[in-house]
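As structure tokens, the structure follows; a few thoughts come after it.
The values are calculated or read from the model by the stated rules, or taken from the named source; none is laboratory data. Because the structure is a prediction, the values reported are computed rather than measured. Note that each Cβ is placed from the backbone with ideal geometry, even for glycine, and that neighbours are counted across all protein chains shown.
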């Protein structure tokens, strides 16, 4: 491979790249802007003292001790931002998307829930109105409300007026019942014990003696990042994803530029010179790899300076993955030039292909939100390996061993793209 | 200097060139004429190494052109019909790049660039971006890029398309200078008056084959003998290739 033509071609491509203001903006500024935006959204709760609260409306039509207990519990919940509208207003708020979930406690809920707590009485319905576009929040609100309902009902039944009244109502019923004597005796002893418990604790209005049923455990959460003192930094993921997306666009543009060079007769000049095909493709590959590396590293440098993204894993691994990604993207550009018929058609097809790749590769949203089968399928997408590799080297803090597989796969994709490009490239210039 | 022997090239079922042979010596301009689709550009492309002939051979000073990196390609300079230049780069950077393709570097490259720009009258615009050039200036720079590495043979594929008379005249003077330096120039065009002015010999191709290879006077006399009364090259051309449209 002749070095002088190769170096000249690389230098020329870099000159052309930096002379195109649009290309520079698209490659450097736009990914930084979008990655900053996505990073601010997906940074995770550990970066914020105050978690994002879910907008929930509670409509208390019952106004019983239990329903008031539910509302009081929900009001202190750090996961919820509570409002207290009427039912019509709550329905309208959910329909318009201003509130994610509205909980309607119907008339008689407390009485029925208390009865159902100790007996096989009919369980009262708790109305939940929800925004179908927020299914994840619905599941979370359902769990949170279960806790508050159980706590309020059990507290009332073990220490409130409703509980006392129910015991007093139930004891004669048990006495009159026709159940087997041994069962009747055991049940009467239990209710009697509860009644004695009530007699030693103040009734409503006094200090609350019972806390009701609470969660029988606490949670000790530990984010598995690079270390116990290292918080998850969502900017690391977003800058990786957006960096890869835009360098793919930049490299696809490099391929389109090659088609334009052909249209403008420039490849006639190149091919008439005593320069080998390996040099011609090798120079394009080299310039594409250099531009890709610059794009990636400028983005990451910005993220490191402004958003404190750190390479918590292996620096060598990070460099290796960068090189693998850059080589894969550059060879993708050559593939575009080889299989594209015209610049216009190539632009359309490659834009679609890139968007699919980055979407499936987890560049926009993490791959774990995909169905299990799709998570497996996305392993055939090079962007997935690139994003996972950068995640491993940055916030996950995995060592060099974690970079080996992504690098190998990315280099494999680069080799495959190059092989197809070389085989399909139109070398003859009529 | 250049021998083209029995070239044939087809694209699928389309035979673009069926049998083309001619020769060209140093210090000579050969006009290659033909209607649209006659096979001129395909012939030039095979000589430049852009297309591999199905049959036949191209000899450069007796050496058969073989392979992409054949050193004999250094003896050929191509001036394509398209303005094969990078608009965003300066004239100097364009020439620096094209010169490097022929491994020109350092002082040799600087001198070659200065020489080429002076020849085509663009030395004072060397640092300007090509996109600021007029059509005529681009044509002249296109010519400069083809002769930067001092080739013995210059292939000019319609080098004056779309230029004003002043630029065209300047290009003619450049070509006559190169001819005087002993270069062999193969010149394809549709403009008969250009060939009448420049060419020492004229090859007319039609349907992929050579239908005439002679001097202007020889062609005129030959056609006058057969059909009578042919005075201009255009008349000769139409007599030999017919008057049917070749769209």
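Quick look at the numbers
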item: Among the residues listed as A:91, A:81, the single one being touching a strand residue (DSSP E or B) at 6+ places or on another chain (Cβ under 8 Å), in a helix (DSSP H, G or I) and at pLDDT 90 or above; result: A:91
item: Residue that is nearest to residue A:290 (Cα to Cα) [pool: residues in the range A:18-42 that are within 10 Å of chain B (Cβ to nearest Cβ) and in a helix (DSSP H, G or I)]; result: A:18
item: Odd one out for residue A:159, checked against (1) under 24 Å from residue A:56 (Cβ atoms); (2) touching a helix residue (DSSP H, G or I) at 6+ places or on another chain (Cβ under 9 Å); (3) in contact (Cβ under 8 Å) with a residue 24 or more places away in the chain; result: (1)
item: Cβ-Cβ under 7 Å pairs, at least 6 apart or on other chains, the range A:74-90 side without any contact (Cβ under 8 Å) to a residue 40 or more places away in the chain, far side surrounded by fewer than 12 Cβ atoms within 10 Å (Cβ to Cβ); result: A:78/A:51
item: Filter result (away from chain A (no Cβ under 14 Å) and at pLDDT below 90) within the range B:138-161; result: B:160
item: Verdict on residue A:355 being surrounded by 19 or more Cβ atoms within 10 Å (Cβ to Cβ), in the same structural domain as residue A:250 (by TED's automatic domain parsing), under 22 Å from residue A:250 (Cα atoms) and touching a helix residue (DSSP H, G or I) at 6+ places or on another chain (Cβ under 9 Å); result: no
item: Residue A:271 touching a residue at least 60 places away in the same chain (Cβ under 8 Å), within 14 Å of another protein chain (Cβ to nearest Cβ) and at negative phi; result: yes
item: From the options A:299, A:276, A:287, residue that is facing chain B (nearest Cβ under 8 Å) and either surrounded by 20 or more Cβ atoms within 10 Å (Cβ to Cβ) or more than 19 Å from residue A:326 (Cα to Cα) (or both); result: A:276
item: Whichever residue in the range A:416-429 is surrounded by 14 or more Cβ atoms within 10 Å (Cβ to Cβ) and either in contact with a strand residue (DSSP E or B) (Cβ under 8 Å, 6 or more places away or on another chain) or under 16 Å from residue A:330 (Cα atoms) (or both) and, among such residues, is farthest from the other protein chains (Cβ to nearest Cβ); result: A:416
item: Search result, residues across the range B:167-177 that are more than 12 Å from the chain's Cα centre (by Cα) and under 15 Å from residue B:197 (Cα atoms); result: B:168, B:169, B:170, B:171, B:172, B:173, B:174, B:176, B:177
item: Residue match in the range B:70-82 (condition: surrounded by fewer than 21 Cβ atoms within 10 Å (Cβ to Cβ) and touching a helix residue (DSSP H, G or I) at 6+ places or on another chain (Cβ under 6 Å)); result: no
item: Counted residues, the range B:90-106 - those being modelled with pLDDT of 95 or more and either out of contact with any helix residue (DSSP H, G or I) (no Cβ under 8 Å at 6 or more places or on another chain) or surrounded by fewer than 21 Cβ atoms within 10 Å (Cβ to Cβ) (or both); result: 2
item: Criterion (within 14 Å of chain A (Cβ to nearest Cβ), under 20 Å from residue B:159 (Cβ atoms), touching a helix residue (DSSP H, G or I) at 6+ places or on another chain (Cβ under 9 Å) and buried (at least 22 other Cβ atoms within 10 Å of the Cβ)) met by exactly one of B:49, B:34; result: B:49
item: Among the residues listed as B:177, B:188, B:239, the single one being modelled with pLDDT of 85 or more and farther than 17 Å from residue B:41 by Cβ; result: B:177
item: Flag if residue A:147 is more than 18 Å from residue A:190 (Cα to Cα), in contact (Cβ under 8 Å) with a residue 60 or more places away in the chain and surrounded by fewer than 20 Cβ atoms within 10 Å (Cβ to Cβ); result: yes
item: Residue, modelled with the highest pLDDT, within the range A:394-409, restricted to residues that are over 10 Å from residue A:320 (Cα atoms) and buried (at least 23 other Cβ atoms within 10 Å of the Cβ); result: A:394
item: Criterion (more than 13 Å from every other protein chain (Cβ to nearest Cβ), more than 25 Å from residue B:187 (Cβ to Cβ) and either over 18 Å from the mean Cα position of the chain (by Cα) or free of Cβ contacts under 8 Å to residues at least 12 places away in the same chain (or both)) met by exactly one of B:100, B:66, B:108, B:126; result: B:126
item: Residue identified as in contact with a helix residue (DSSP H, G or I) (Cβ under 7 Å, 6 or more places away or on another chain) and either outside the structural domain of residue A:272 (by TED's automatic domain parsing) or not in a helix (DSSP H, G or I) (or both) among A:362, A:402; result: A:362
